[in-house]
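To keep things clear, I will list the structure first and then write my remarks on it.
What follows is calculated from the coordinates using simple rules that are stated; it is not laboratory data. Quick caveat: nothing in here was measured; it's all calculated off a predicted structure. With ideal geometry, Cβ positions are generated from the backbone for all residues, glycine too; neighbour counts draw on all protein chains shown.
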Amino acid sequence: MKLPEQANLNKKKAWFTKQGTIKPKGISVLSEGLIETETLSPTTTIPLVIKPAIKGVNLIAWADKNQDLLKSQLLKHGAILFRNFEVQKITEFEEFIKTISGGLLEYRERSSPRSQVSGHVYTSTDYPAKHSIFPHNEHSYSHTWPMKLFFFCVTPAEEGGETPIADCRRVLQHIDPKIVERFREKKWMYVRNYGDGFGLSWQTVFQTTERIKVEEYCRCNDIEFEWKDGDRLKTSQIREAIATHPQTGEHVWFNHATFFHVSTLESPMRETLLAEFKEENLPNNTYYGDGSPIEPSVLNKLRQAYLDEAVAFRWKSGDILMLDNMLTAHSRRPFVGPRRVLFGMSEPYSYRNI
């Protein structure tokens, strides 16, 4: 298997570990003087930062009375950061999500290690601190995904640990139209192998120990499956690479084709997996929808499109970040010291609706 040029991988890693963050600029006051809004810089529109203009503004009460404003601003910016509202408790975070968009969703068809904290509030990820997590849209590999994502910073890392985000409308614009058309025609395929000691088990991913329930889920969600010796499972699913946002009508780059490709993994994890497994047996990998390999040059361009649009900010305790999951990808930088960022999802949407 050909791998992307090491220089490009080093460039990606350097971006996640060294690039600075942007400080807010451009304040305006809204909603009868109770809150003020900022953008991070004159050249970026994400995230919109909303802060109280006076002490004592209750975020949940304010959000409840300003639903239309929040909906319109989220569709415009794709990401809103609520800061300095003195949110401290997980119950407040849960109540905020319920106020904005109803009940929280269970984490099904899992790909990232997460711990359940309360109800359907989870840790954002339990992935080791020394590794970066590449930009992606939550559950774009699934038939059904959440339209809204919420992150709550309880404890920011001593160093690093930012959650870079990227506007997927602009990511799409960065990609060569010929590449876009190729993915539009072929779609993309996600192949996953469970039970070899790497990654999550199928029992964890599907939240069951019964094979019949896994098979039922796969059939209902257009996932091909094959049971292998030793209680191992192989799945594959073909998905669209470009989606149309149901409310704005905008086209977005919405897939995990880059994220799950083995070449996107950091070294030495990438080399370890390639030495341990044949390509068809890798824990995760992606292809064009017809099963043909995605060219290394294409993968390099796709990775760069995300990184060109990524914007980062330093977490503060009490921050809540709300994302439109189709408009905005998210990621994570490596970090040092304790870090606790919680996560919730809401408003399921399906390919069947497109």
Query raised in the report: If the limit is 30 Å between Cα atoms, which of Lys98/Lys130; Lys187/Lys234; Lys187/Lys278 go over it?
Result: Lys98/Lys130
Report task. Starting with the highest mean, order 130-137, 89-96, 254-261 by the number of other Cβ atoms within 10 Å, averaged over the residues of each peptide. Result -> 254-261, 130-137, 89-96
Query raised in the report: Mind checking which aspartates and glutamates have their C-alpha under 15 Å from Lys89, skipping anything on the same chain fewer than 8 residues away?
Result: Asp319
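Provide the FRET efficiency to the nearest 0.05 for the Glu250-Asp229 pair, computing r from the beta carbons and using R0 = 30 Å.
0.05
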Query raised in the report: What aspartates and glutamates sit close enough to Lys228 to cross-link, taking a C-alpha to C-alpha distance under 20 Å and skipping anything fewer than 8 places away on the same chain?
Result: Glu109, Asp196, Glu210, Glu215, Glu216, Glu276, Glu279, Glu280
Report summary line: Phi angles of the range 56-63, converted by Karplus (6.51 cos²θ - 1.76 cosθ + 1.60, θ = phi - 60°) into ³J(HN,Hα) in whole Hz with x for Gly and Pro, give x, 5, 7, 4, 5, 5, 5, 4
Query - For the range 61-151: relative contact order, % (alpha-carbon pairs under 8 angstrom, 6 or more apart) - result: 18
Query raised in the report: Which of the aspartates and glutamates could a cross-linker span from Lys76 if the Cα-Cα distance has to be under 12 Å and same-chain partners fewer than 8 positions apart are dropped?
Result: Asp167, Glu250, Asp324
Report task. Please work out which option in [x] 17.3; [y] 19.4; [z] 24.3 gives mean projected area of the Cα convex hull in nm² calculated from these coordinates, and answer with its label. Result -> [x]
Requested in this report: Identify which of Trp202, Trp62, Trp253 has the largest mean-square fluctuation in a Gaussian network model of the chain, with springs joining Cα atoms closer than 10 Å.
Outcome: Trp62
Query raised in the report: Label points 7 Å out from Cα along the Cβ direction at Ser267 and Ile60: separation in nm?
Result: 5.0
Query - Theoretical FRET efficiency, 1/(1+(r/R0)^6), r = Cβ-Cβ of Glu181 and Glu216, R0 30 Å, to 0.05 - result: 0.25
Query raised in the report: Under 18 Å from a point 7 Å along the Cα-to-Cβ line of Thr204: which residues of the range 269-293 have their amide N that close?
Result: 269-270, 273, 282-285
Requested in this report: Take the chain, connect every pair of alpha-carbon atoms lying under 10 Å apart with a spring to form a Gaussian network, then pick out the residue of Glu216, Glu185, Glu159 with the largest mean-square fluctuation.
Outcome: Glu216
Query raised in the report: Mind listing the phi-derived Karplus ³J(HN,Hα) values for the range 183-199, rounded to whole Hz, using 6.51, -1.76 and 1.60 with θ = phi - 60°, and x for any glycine or proline?
Result: 6, 5, 6, 8, 6, 9, 10, 10, 10, 9, 10, 10, x, 9, x, 10, x
Report task. Could you go through the range 339-350 in sequence order and give the Karplus-derived ³J(HN,Hα) for each residue, using 6.51 cos²θ - 1.76 cosθ + 1.60 with θ = phi - 60°, rounded to whole Hz, and x for Gly and Pro? Result -> 9, 9, 10, 9, 8, x, 10, 7, 6, x, 9, 10
Query raised in the report: Counting alpha carbon pairs within less than 8 Å and at least 6 residues apart, what relative contact order, in whole percent, applies to the chain?
Result: 32
